[in-house]
Amino acid sequence: NKKLQLMTAVGQHHLGNAVIDAALAAGATGATYFFAQGTGVRQTLGQAAADIEVGKRVINILVASALTDKVLKAVIAAGEIDKPGGGVAYVQDVLQAVVFVPPKG
(Lines give C-alpha, C1' and ligand atoms only; values in the text may rest on other atoms or scores of the structure.)
Protein backbone atom coordinates (compact mmCIF):
# COMPACT_ATOMS: atom_id res chain seq x y z
CA ASN A 1 0.00 0.00 0.00
CA LYS A 2 1.81 3.07 -1.25
CA LYS A 3 1.43 6.37 0.49
CA LEU A 4 0.33 9.09 -1.90
CA GLN A 5 0.96 12.79 -1.92
CA LEU A 6 -0.63 15.57 -3.92
CA MET A 7 1.82 18.05 -5.37
CA THR A 8 0.44 21.37 -6.53
CA ALA A 9 2.45 23.84 -8.58
CA VAL A 10 1.15 27.29 -9.44
CA GLY A 11 3.31 29.06 -11.96
CA GLN A 12 3.56 31.12 -15.08
CA HIS A 13 1.30 29.86 -17.83
CA HIS A 14 3.97 29.60 -20.52
CA LEU A 15 6.03 27.15 -18.41
CA GLY A 16 3.14 24.79 -17.69
CA ASN A 17 3.93 22.21 -20.37
CA ALA A 18 7.58 22.12 -19.29
CA VAL A 19 6.51 21.50 -15.68
CA ILE A 20 4.25 18.61 -16.69
CA ASP A 21 6.92 17.09 -18.95
CA ALA A 22 9.52 17.35 -16.16
CA ALA A 23 7.17 15.74 -13.63
CA LEU A 24 6.46 12.83 -15.98
CA ALA A 25 10.17 12.38 -16.73
CA ALA A 26 10.85 12.26 -12.97
CA GLY A 27 8.37 9.42 -12.44
CA ALA A 28 4.91 10.96 -12.07
CA THR A 29 2.23 9.04 -13.95
CA GLY A 30 0.02 11.99 -14.84
CA ALA A 31 -1.08 15.51 -14.07
CA THR A 32 -4.24 17.56 -14.03
CA TYR A 33 -4.11 21.28 -14.70
CA PHE A 34 -6.31 24.32 -15.03
CA PHE A 35 -5.85 27.99 -15.70
CA ALA A 36 -6.14 30.73 -13.10
CA GLN A 37 -5.19 34.31 -12.39
CA GLY A 38 -3.09 35.43 -9.46
CA THR A 39 -2.39 38.54 -7.48
CA GLY A 40 0.12 39.50 -4.82
CA VAL A 41 3.67 39.14 -6.11
CA ARG A 42 3.12 41.50 -9.05
CA GLN A 43 1.95 44.20 -6.66
CA THR A 44 4.78 43.57 -4.20
CA LEU A 45 7.58 43.66 -6.79
CA GLY A 46 6.24 46.74 -8.58
CA GLN A 47 8.03 47.58 -11.83
CA ALA A 48 10.31 44.56 -11.48
CA ALA A 49 7.24 42.37 -12.01
CA ALA A 50 6.50 43.62 -15.51
CA ASP A 51 7.44 40.28 -17.09
CA ILE A 52 5.42 38.14 -14.64
CA GLU A 53 2.29 36.84 -16.32
CA VAL A 54 -1.07 37.45 -14.67
CA GLY A 55 -2.29 34.15 -16.14
CA LYS A 56 -1.22 31.10 -14.14
CA ARG A 57 -1.37 27.38 -14.62
CA VAL A 58 -2.27 25.28 -11.58
CA ILE A 59 -0.91 21.74 -11.91
CA ASN A 60 -1.91 18.88 -9.61
CA ILE A 61 0.24 15.76 -9.58
CA LEU A 62 -0.62 12.67 -7.55
CA VAL A 63 2.64 10.92 -6.73
CA ALA A 64 3.88 8.01 -4.61
CA SER A 65 5.66 9.46 -1.59
CA ALA A 66 8.88 7.67 -2.57
CA LEU A 67 9.04 9.88 -5.68
CA THR A 68 7.95 13.17 -4.11
CA ASP A 69 11.40 14.74 -3.68
CA LYS A 70 12.54 13.82 -7.19
CA VAL A 71 9.35 15.08 -8.84
CA LEU A 72 9.28 18.26 -6.74
CA LYS A 73 12.87 19.14 -7.69
CA ALA A 74 12.01 18.64 -11.37
CA VAL A 75 8.87 20.78 -11.07
CA ILE A 76 10.73 23.60 -9.31
CA ALA A 77 13.46 23.66 -11.96
CA ALA A 78 11.14 23.47 -14.98
CA GLY A 79 8.68 26.00 -13.59
CA GLU A 80 11.36 28.37 -12.30
CA ILE A 81 9.46 28.29 -9.01
CA ASP A 82 12.55 29.37 -7.08
CA LYS A 83 12.87 32.67 -8.98
CA PRO A 84 11.10 35.90 -7.98
CA GLY A 85 7.50 35.74 -9.17
CA GLY A 86 8.00 32.12 -10.25
CA GLY A 87 5.02 30.81 -8.33
CA VAL A 88 4.59 28.30 -5.56
CA ALA A 89 4.77 24.53 -5.19
CA TYR A 90 3.58 22.54 -2.21
CA VAL A 91 2.89 18.94 -1.20
CA GLN A 92 0.00 17.53 0.83
CA ASP A 93 -0.59 14.04 2.20
CA VAL A 94 -3.46 12.17 0.55
CA LEU A 95 -5.63 10.33 3.06
CA GLN A 96 -7.70 8.39 0.53
CA ALA A 97 -7.74 8.05 -3.24
CA VAL A 98 -9.92 6.11 -5.65
CA VAL A 99 -8.79 5.31 -9.17
CA PHE A 100 -9.84 2.75 -11.75
CA VAL A 101 -7.04 0.50 -12.92
CA PRO A 102 -8.04 -1.73 -15.85
CA PRO A 103 -7.31 -5.43 -15.50
CA LYS A 104 -4.25 -6.78 -17.29
CA GLY A 105 -4.74 -9.07 -20.22
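A straight chain from residue 95 to residue 33 at 0.36 nm per residue would run longer than the Cα-Cα distance by 20.2 nm. Surface calculation, 1.4 Å probe, protein heavy atoms: residue 76 sits at approximately 50 Å² accessible.
Put simply, the amide H of residue 38, placed in the peptide plane, has neighbours under 5 Å in 56, leaving out anything fewer than 5 places away on its chain.
Projecting label points 7 angstrom from Cα along Cα→Cβ for residue 14 and residue 77 puts them 2.2 nm apart.
The accessible area of residue 3, taken with all protein chains in place and a 1.4 Å probe, comes to roughly 150 Å². Work out, step by step, the length gained on full extension between residue 21 and residue 64: first 0.36 nm times the residue separation, then minus their alpha carbon distance; give nm to one decimal. Taking residue 21 through residue 64 to full extension adds about 13.8 nm, to one decimal.
The values are calculated or read from the model by the stated rules, or taken from the named source; none is laboratory data. Note that this is a predicted model, so its numbers are computed, not measured. FYI the Cβ positions are ideal-geometry reconstructions off the backbone, even for glycines, and counts take in every protein chain you see. For accessibility, only protein heavy atoms count, side chains too; no ligands or nucleic acids. Shrake-Rupley method; radii C 1.70, N 1.55, O 1.52, S 1.80 Å.
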